[in-house]
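This report refers to the structure that appears directly beneath it.
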Amino acid sequence: MKLIISYIVILASAFVLSGCNEEVTPNTLFSAGEGGLNLLLPTVEEDIKIPVIYTRADTTLNVEVDPNVFAVEIDGPKPKSFDSFSAMRDSGVPLLLPIGSYVVKAYFPINVEHVSEEPYFEGIQSFEIVEKQTTNVDFVCKFKSLGVELQLSDRFKKLLEEKPYSYDYRVTVLNGKADKEFNKENMSPCYFKEGCERLVVKVNIVMNGLPFPERTWYFTNNGNAPRQGEYYVITLDAGKSDVKMTSFLYNKEEGEK
């Protein structure tokens, strides 16, 4: 029996639009040595264009995230943090801060250590608080995950449908910080928060009622370390021969694999 496992790297294009501006606010609002921050609701990249090798056309990674739920951290002379953007706005606008240089970070999901079934987004912007003025800050929260998705070939799907008790599989993907297991009950894509030197993929499968020896593959991006902003699609296939693996890479700049 044969297993063929292949993967496709699809790069998510991302960009940041950011800016700060200052506006005069009545002096009665501020104390000496103090200014205000008006953090505008961040824009979230919801339609991320990614090239797919087997169609030679762009596809879209569609996500729906409410920026109001993003956690907010402000680092500077007077650090502040909020569980959500909404909570920050509810505390009062503008946010009063001592003058100086600051960095704000907004991110979601909030309590993710290394891997999640939700894509991780993050935006970072520096700004200055000027005495008795309000600084408006806006920025974009970018896709900052290393995504992995498992697909089954039509041939393997057919075997699973025809003989569900004779065929089974378990595919575990590891990035050195965390792991994600794909199986019949859970095929949801996973999103690692960190890149890695290489992705490790361990495959355990039952074919015709017999367990197949575990096989391990190590994936890189054409020799480059997998990183945030990339999305790997792994395809699992079954046949009648040795275990083989083929890989494809879409060259975004040259438009070829």
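The values are calculated or read from the model by the stated rules, or taken from the named source; none is laboratory data. Because the structure is predicted, anything quoted here is derived from the model rather than measured. Methodologically, a virtual Cβ is constructed for each residue, glycine included, from the backbone with ideal geometry; neighbour enumeration extends over all protein chains shown. Remember, those area values only see protein heavy atoms, side chains included, never the ligands or the DNA or RNA. Shrake-Rupley method; radii C 1.70, N 1.55, O 1.52, S 1.80 Å.
Once ligands and nucleic acids are excluded and a 1.4 Å probe is used, how much of Phe85 is accessible, expressed in Å² to the nearest 10?
Ignoring ligands and nucleic acids, Phe85 comes out at about 10 Å².
How high is the relative contact order of region 129-218, given as a whole-number percent (alpha carbon pairs under 8 Å, six or more residues apart)?
28
When you take every Cα atom in region 109-245, what is the radius of gyration, and what is Dmax, the widest Cα pair distance, in Å?
My reading of the Cα-based Rg and Dmax gives 20.1, 75 Å.
Quick one: what are the phi-derived ³J(HN,Hα) couplings along region 107-120, Karplus 6.51/-1.76/1.60 with θ = phi - 60°, whole Hz, x for glycine and proline?
Going residue by residue, I get 7, 7, x, 7, 9, 9, 7, 9, 8, 8, 8, 10, x, 8 Hz, with x marking Gly and Pro.
Amide H neighbours of Gly195 under 5 Å, counting only residues 5+ apart in sequence or on other chains, H built in-plane at 1.01 Å?
Those qualifying (amide H under 5 Å, at least 5 residues apart or on another chain) are Gln228.
Rounded to whole Å, give me the distance from the Cα center of region 201-228 to that of region 97-122.
Comparing the Cα centres of region 201-228 and region 97-122, I get a distance of 32 Å.
Using 0.36 nm times the number of residues separating Glu113 and Glu34, minus their current alpha carbon distance, what extension gain do you get?
The span from Glu113 to Glu34 would gain 24.9 nm if fully extended.
Roughly what would the spin-label model give for Thr220 and Lys78, points 7 Å off Cα along C-beta, in nm?
Each label point lies 7 Å from its Cα, and together they span 5.0 nm.
Determine one quarter of the surface area of the Cα convex hull of region 105-188, which equals its mean projected area, and express it in nm² to one decimal.
Average projection, Cα convex hull of region 105-188: 8.2 nm².
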